[in-house]
1. Determine whether LEU195 is at pLDDT 95 or above and either within 21 Å of PHE89 (Cα to Cα) or more than 21 Å from the chain's Cα centre (by Cα) (or both).
2. Check SER71, SER65, SER96 and return the single one that is modelled with pLDDT of 95 or more, within 19 Å of LEU147 (Cβ to Cβ) and touching a His at 6+ places or on another chain (Cβ under 8 Å).
3. Considering (1) at pLDDT 95 or above; (2) out of contact with any Asp or Glu (no Cβ under 8 Å at 6 or more places or on another chain); (3) small (Gly, Ala, Ser), say which one GLY125 fails and leave the rest.
4. Which helices (runs of 4 or more DSSP H) sit wholly inside segment 94-186 and have at least 3 residues that are charged (D, E, K, R)?
5. Is it the case, given these coordinates, that PRO42 is within 19 Å of ALA87 (Cα to Cα) and modelled with pLDDT of 70 or more?
6. Select from segment 31-50 the residues that are on the phi < 0 side of the Ramachandran plot, without any contact (Cβ under 8 Å) to a residue 60 or more places away in the chain and surrounded by fewer than 16 Cβ atoms within 10 Å (Cβ to Cβ) and list them in ascending order.
7. Would it be correct to say that LYS91 is among the basic types (Lys, Arg), under 30 Å from ILE152 (Cβ atoms) and either modelled with pLDDT of 95 or more or part of a helix (DSSP H, G or I) (or both)?
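The values are calculated or read from the model by the stated rules, or taken from the named source; none is laboratory data. Treat the numbers as computed from the prediction; the structure is a model and nothing was measured. No Cβ is skipped: glycine too gets one built from the backbone with ideal geometry, and neighbour counts run over all protein chains shown.
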Amino acid sequence: MRFIAASLAAFALMLTTRFCVADPVEVLTNAIANVANKLPGPYYVKEKNPETLEERALRMKMISSILAEESFTHPGWQWDATDLGWAAFVKTWNESARFKIEVHNGKMRGDHGKSVCLGQIMNGGEELVGVDEASTRRCISRVMDILIQHQIRCVDGYAPGFIAMADIFSGYGTGRSCKSSVFFYRKDSKGNIVLDKHGQPTKIFWAKDRARMWLLLRRGEHPMQLGENNAMY
């Protein structure tokens, strides 16, 4: 009897292990954290980095966890939850200058001090500012609200894809246009427009660049495959 009971217990354990379904939030958390830690971080003059590698890794883990959790619980998104998670990751990583801690903690703010937190949300309020979990969650939640707002406004009912996502990023970035063809001119450190090899102004199609990054991430590919000429790097 003991042998039979032990055999049944072993069989039950095998079934549990074999058919155990991975937690999708945990899977997305790990995927985002892996990418966040492999992408290039903010540039600092030697020995001026305010974070150690260990401190940044812990902050990336927190951000990744919140992005994943919020993407699976946020209402209104029309595509897969992981698509929202990666869209919010792309948006915050770019807006915060690669998750720069000075943007995260509010010391650096865009639009003459009006735009705050990882999403650089204009007039977002001080409740979004801070590297603590609660403030970061409020910021990311607001980012997702805005992404959903522009998904409905720009591509309501569309299937997920490169152009549709670029239109959403364009709507978010401009507050108006849903056209993925929006661009700005690349400039040097002195503010002069950089010319290409043909002597023409270099255009950066930033909405498409971000959509391309999103597309690679949702496929499980590394965004560094975008190449050295991509505006994000």
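1. Details: at pLDDT 95 or above: no; either within 21 Å of PHE89 (Cα to Cα) or more than 21 Å from the chain's Cα centre (by Cα) (or both): yes.
So LEU195 does not fit the description; no.
2. None of the other options fit; the residue is SER96.
3. It fails just one condition, (1).
4. Working: elements: 101-104, 133-155, 162-174.
Once the helices (runs of 4 or more DSSP H) in segment 94-186 are filtered for at least 3 residues that are charged (D, E, K, R), what remains is 133-155.
5. Working: within 19 Å of ALA87 (Cα to Cα): no; modelled with pLDDT of 70 or more: yes.
Judged against the criteria, PRO42 is not a match.
6. ASN34, ASN37, TYR43, TYR44, VAL45, LYS46, LYS48, ASN49, PRO50
7. On the way: among the basic types (Lys, Arg): yes; under 30 Å from ILE152 (Cβ atoms): yes; either modelled with pLDDT of 95 or more or part of a helix (DSSP H, G or I) (or both): yes.
Answer is yes for this residue.
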